[in-house]
Amino acid sequence: MERCGHCGAPVEAGHRFCGECGFPLGGCPACGAPVTPGQKFCRACGHALAGAAPGSPADGPAPPVAQEPVAERRVCSVLFCDVVGFTPLSEARDAEAVRELLSAYFAVARTVIGRYGGVVEKFIGDAVMAVWGTPVAAEGDAERAVRAGLDLVAAVAQLGAEAGVAGLAARCGVVTGEVAVTLGATQEGMVAGDAVNTASRVQSAADPGCVLVDVATYRLTASSVGYADAGEHLLKG
């Protein structure tokens, strides 16, 4: 007489389940479906049978494998903007008042940049970096970056008047060039390259209340934006 492989109770031929423990006899231990000798997986439910290799597909899907970020080269317009003389300003005012002023500035920057279709990449102290051309590139990105800069310096001057900070001013730099774009990234880490570093240098050379651009940006926007010649500047690096 045969015996149940699970509890050892005697079973008779033709029985599909053990009368003592209910274990499937000669079938899949998960669903009870008939199996043939040498079969590694149940055809009904996919359960691993004796002889199935560890880590096989029947044990469940493999865990996701971490992938390195994918980057590609694109032409983007990069804007840097900072508040002129922010360090001495912060030293002369109450810390809470400085925090509120900085928060208001960041909010204004996000609003203006978003209005022109740009994406804030990061805030660095009192500076803001934004980019046009990623994640979606569109015709006129360079012009929108310049107009965002013009509106931003005007908005900071208005913010200073409302906060009672006479002479509060911002300055912007806009550079258009090839950058490495990390696909799928949001905010910090979206773009990298010489155009990013140059935009920071151009911004530092701008006069308070002004937007300074490189030659590539000028050529793309000269037909729709009025410019004054700022001469040549030797930039660090």
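Overview of values
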| quantity | calculated |
| --- | --- |
| Vicinal HN-Hα couplings computed from phi for region 91-99 (Karplus, 6.51 cos²θ - 1.76 cosθ + 1.60; Hz; Gly/Pro x) | 6, 8, 10, 4, 4, 5, 5, 5, 4 |
| Residues ALA180 and ALA97, FRET efficiency given R0 of 45 Å [Cβ-Cβ distance, rounded to 0.05] | 0.70 |
| Sites ALA228 and ALA137, calculated FRET efficiency, Cβ-Cβ separation with R0 25 Å, nearest 0.05 | 0.30 |
| Average Cα contact separation per residue, region 71-221, under 8 Å, 6 or more apart, as relative contact order % | 33 percent |
| Ranked packing of 138-148, 152-162, most packed first, by mean Cβ within 10 Å | 138-148, 152-162 |
| Contour excess over end-to-end distance, with Cα ends at SER204 and PHE106 and 0.36 nm allotted per residue | 33.4 nm |
| Listed peptides 118-130, 220-232, 82-94 by packing density, highest first (mean Cβ within 10 Å) | 118-130, 82-94, 220-232 |
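A short reminder: the numbers here are calculations on the coordinates, not readings from a lab. Computed from a predicted structure; not experimentally measured. Ideal geometry is used to build each Cβ from the backbone, glycine not excepted, and the neighbour counts take in all protein chains shown.
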